[in-house]
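These notes concern the structure reproduced below.
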Amino acid sequence: MPALLQLKNIEKSFGTVHVLKSVNLEIHRGRAVGLAGENGAGKSTLMKILAGIYSRDAGQMIYNGETVKFTNARQAIDAGIAVIHQELNLLPELSVAENMFLGREPTKLGKIQWQEIYSKTQFWLDKLKQKIDPTTRLGTLSIAQQQMVEIARALSLNAQVIVMDEPTDALTDIEAQILFDVMKDLKAEGKGIVFISHRLAEIFTSCEDIAILRDGHMVHQGHTEDLTEHELIHHMVGRELTDQYPYTAAQTGPVRLAVKELSAKGCQEISFTAYSGEVLGFSGLVGAGRTELAKTIFGANALQSGSIEIDGKPVQISSPRQGIANGIGYVTEDRKSEGLIQIHSVGTNMTLAGLARFTSALGMVNRQSEEVTINEFIKAFSIKTQGGESLVQNLSGGNQQKVSIAKSVLVEPRILILDEPTRGVDVGAKREIYTLINKLKAEGMCILLVSSDMPELLGISDRIMVLANGKLTGEFSRDEATQEKIMHCAVAGQ
Amino acid sequence: MNIKQAAIDNKSLIGLIILMAVVSVINANFLGVDNLLNILRQTSINAVIAMGMTFVIITSGIDLSVGSILAFAGAICASLIGLDTPLTLAVIATLLVGAALGATSGVVIAYAGVQPFIATLVAMTMIRGATLVYTGGRPISTGMHEVADRFYDFGAGYTLGLPNPVVVAILVLLICWFVLTHTKLGRYVYAIGGNENVARLTGVNVRAVKITVYAISGTLAALAGIILTARLGSAQPTAGTGYELDAIAAVVLGGTSLMGGRGRIFGTIIGALIIGVLNNALNIMDVSSYYQMIAKGAVILLAVVVDSRGKSNE
């Protein structure tokens, strides 16, 4: 059977950077092809060429037996190619339904047919098992829910080819499972899917074919059953990655953080203690209250009742400024809008929280010593950048994440809260972040790790807390924790 | 590659040089020392206001009240000097009035969450009204005594061969450059404009910084009012009308983004000089002041379009 869509010898350069080198890819009806590769391998560029967002320098694209060339995204959509983008391209001020039908609102005599929009939106949200009212303002939804809306929008285009660029990154296991079920339906309808994910297990369970990009070359293409995960990683990184989750045993010190009956928006009467030199993991479904708990401890959300003690002393924290002053660092799950100033340099982002370190009594910043520190951190965190002057927006997700962590660590916090630290980060960079976490732990830092990536949480944490509906529903030591036990607690009370 | 980058980084400067080259070909008198000093003197008032505006715009705000603050401060300064107040005291008191007026807008913006455009529009109207009430709609003379003479001499005088208003503008430039590039406050100004949410979560005291930038803008508007009053020997109640637009134009011509987070104080000076050269050129070419407004608008539009095209190609 001929391929539904075929890319042949695709070339693409940006300036002097050769991003795609004679790349071939086939997408077949009723099959999903998993596209794997490290960040910067060229996956997103290839998909943007497919979707008409970038034009190719050379090569052919054959779709339904015809050679096509899209010069803008609209043409690709009209031809039946839909993309679920990695970055959410939704407008927070509009309703869910308005976002779903933006630019293609059904009209009669120029009047928008709202009933039709709402009912169709409801249909696709139901299909994705999302209890979301189509009239809800999008910005009030969690990131995971927004991602599901993005998926619903792509599905509603009734496309023949659906590109999913890391759709599960912002999702918990339950929502990801819903997506996999929908993928099965789509394949049964004869549609072709390209699925990009950093979670390799997902590629193995939900894709029939695998294509692997490395440094702009397609280094492997074939059926999923002919490949092991080990071989896949080998192809991706071009080297052996021995241990995906390096763990070093904790030298646990005294109690660093004691939270007593904390209640706040999204959290109810949560009590726990965390020790210095410990990684305390937080598991739970999206909306379970993990991020809210983290933000309340840090001071970004208001504490309604309860108390927090650090090193045995009660603290009052009602703003991020006080949180930082009390030795808390918070690395947000949302790098783009909460973590880093995208249009500013790596260096200025890194030192923004800890600027006081380089400032004289008169408010003057010592730029020499600042630069020395920036270069130290770039080296220590192995951040791949041309230097501290490079703009953050030009860095890959993994390197941005390292800058974000460096920014919090530079203040020398006693407690470091990491909220989804490896979201959108490739395998190699993930491992570097884990190594970094271990190093900080060894230095006696108390680390709270919020993650929806279960193998990561099990692999890195010393202890794991589970939250459901804003309440603590389970606590496990590293030895007793299993995926099943955690899941059981995570769905408790659902 | 480096030359190209340097050209992109200094677009405004290149624009200014081209403009001056064109004008000097059309009119041989343009490049005379007297005329050039005249341009600098005329530009200094807008430049001082625009430098304060640069702080505000980098935080992604806007300050429409600067023209009104200029008039109010000028009136206060003229009265104080009319009352034979020591010169230094009169100047400091006037600057404090400007700072307080600016800070008030800052408080409204930071604490009441009012949009900067609206908050400073209100301030612009109210302060203009207050100026008219205070002056009764009539100019206030600095009077005829020793302090007033010294004040007038300052406005008309020279230091190291440069008109005093130009010297003041250069000092302000050096201070603003230092604050923006070498102090914590400067970093926070850029950070807030770059992403306010990130700045807050990074522990930046966003409210305090916002109040500070509007206070700086108010202070420099008041300083411009003092310079203008010194040059004229009296304060006009309608002085500074429309100056906010020239200041914003200078900032934008200088490459500072209205979206915030980016901008350079030297760019603002170049922007102010472009407007100054343009005004001067149209004057010495005897273009009617009605046409001048159209020509000025067209040049600003052209510059901004060129600038935004450059950005979208990046």
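The values are calculated or read from the model by the stated rules, or taken from the named source; none is laboratory data. Since the model is a prediction, treat every value here as computed from it, not as a measurement. Ideal geometry is used to build each Cβ from the backbone, glycine not excepted, and the neighbour counts take in all protein chains shown. Only protein heavy atoms, including side chains, enter the accessible area calculation; ligands, DNA and RNA are left aside. Shrake-Rupley method; radii C 1.70, N 1.55, O 1.52, S 1.80 Å.
In region A:5-237, one over the average inverse separation of all distinct C-alpha pairs is 18.3 Å, which is the Kirkwood hydrodynamic radius. Relative to one another, the C-alpha centroids of region B:205-242 and region A:329-355 are positioned 34 Å apart. Among B:227, B:17, B:62, the largest mean-square fluctuation in a Gaussian network model of chain B (Cα springs under 10 Å) belongs to B:17.
Quick check for you: with a 1.4 Å probe and neighbouring chains kept, what is the accessible area per residue of chain A, in Å²? Display every interim value, and only then the final one.
Working: 20590 Å² over 494 residues.
Here the residues of chain A average 42 Å² of exposed surface.
Separation of region B:152-195 from region A:20-84 is 53 Å, based on Cα centroids. Span-like helix criteria (full DSSP H runs; alpha carbon extent of at least 20 Å along the helix axis; mean Kyte-Doolittle hydropathy of at least -0.5) are satisfied in chain B by B:11-26, B:33-58, B:66-82, B:87-111, B:116-135, B:164-182, B:206-232, B:265-284, B:289-312.
Could you give the size of the charge dipole of region A:5-237 about its Cα centre, using +1 on the Cβ of each K and R and -1 on the Cβ of each D and E, expressed in debye and rounded to the nearest 20? Before the final figure, lay out the partial values.
Details: 24 positive and 30 negative charges, 164 e Å.
So the magnitude is around 780 debye.
Here is what passes the span test in chain A: the DSSP H helices with alpha carbon length of 15 Å or more along the helix axis and a Kyte-Doolittle mean of -0.5 or above are A:143-156, A:173-188, A:397-409, A:427-442. Taking every DSSP helix (H) stretch of at least 4 residues in chain A, weighting each as -39,500 (n - 2.57) and dividing the sum by the residue count yields a mean residue ellipticity at 222 nm of -9500 deg cm²/dmol. Placing unit charges on the Cβ atoms only, positive for Lys and Arg and negative for Asp and Glu, gives the protein assembly as shown a dipole magnitude near 1360 debye about its Cα centre. For the listed residue pairs A:379/A:439; A:69/A:108; A:295/A:471, the alpha carbons are over 26 angstrom apart in A:69/A:108.
Ignore the peptide's own chain and count Cβ atoms of other chains within 10 Å of each Cβ in B:192-200; give me the average, rounded.
Working: counts 1, 3, 9, 10, 1, 7, 15, 4, 5.
Per-residue shielding by partner chains comes out at 6.
A viscosity of 1.002 mPa s and a temperature of 20 °C, combined with the Kirkwood radius over Cα pairs in Stokes-Einstein, give a translational diffusion coefficient for region B:39-307 of 115 µm²/s. The residue among B:304, B:127, B:139 whose Cα reaches farthest toward the positive pole of the charge dipole of chain B, with charges on the beta-carbon of Lys, Arg, Asp and Glu, is B:304. Protein heavy-atom accessible surface, 1.4 Å probe, per residue over chain B: 45 Å².
Remark on the protein assembly as shown: Rg and Dmax equal 30.8, 101 Å (Cα only).
A straight Cα-to-Cα reach below 15 Å connects residue A:12 with the aspartates and glutamates A:57, A:215, residues fewer than 8 places away in its own chain not being considered.
Mean residue ellipticity at 222 nm, helices only, chain B: -26000 deg cm²/dmol; runs of at least 4 DSSP H residues each add -39,500 (n - 2.57), and the sum is divided by the number of residues. For the protein assembly as shown, the carbon plus sulfur part of the accessible surface works out to 57%, probe radius 1.4 Å.
Quick check on my link table: of A:8/B:4; A:187/A:430; A:48/A:191, which ones sit more than 26 Å apart, alpha carbon to alpha carbon?
Values: A:8/B:4 35 Å; A:187/A:430 31 Å; A:48/A:191 19 Å.
Pairs exceeding 26 Å: A:8/B:4; A:187/A:430.
Overall, region A:53-134 carries a charge dipole of about 180 debye about its Cα centre when +1 sits on the Cβ of Lys and Arg and -1 on the Cβ of Asp and Glu, all other atoms neutral.
How large is Rg over Rh for region A:133-242, taking Rg from the Cα atoms and Rh as the Kirkwood inverse mean of 1/r across Cα pairs? Mind dumping the intermediate values first?
Working: Rg = 15.7 Å, Rh = 15.5 Å.
Expressed as Rg/Rh, it is 1.01.
With a 1.4 angstrom probe, the accessible area lost at the B-A interface totals about 2100 Å². Ignoring aspartates and glutamates fewer than eight residues from residue A:313 along the same chain, the ones with Cα atoms less than 17 angstrom from its Cα are A:261. By the rule of a C-alpha distance below 13 Å, with chain neighbours fewer than 8 residues away ignored, the aspartates and glutamates paired with residue B:296 are B:246.
Of all DSSP bridge pairs formed entirely within the protein assembly as shown, close to 60 percent run antiparallel. Measure out, as a whole number of angstrom, how far apart the alpha-carbon centroids of region A:255-292 and region B:99-149 sit. If we compute the Cα centre of each part, the gap is 51 Å.
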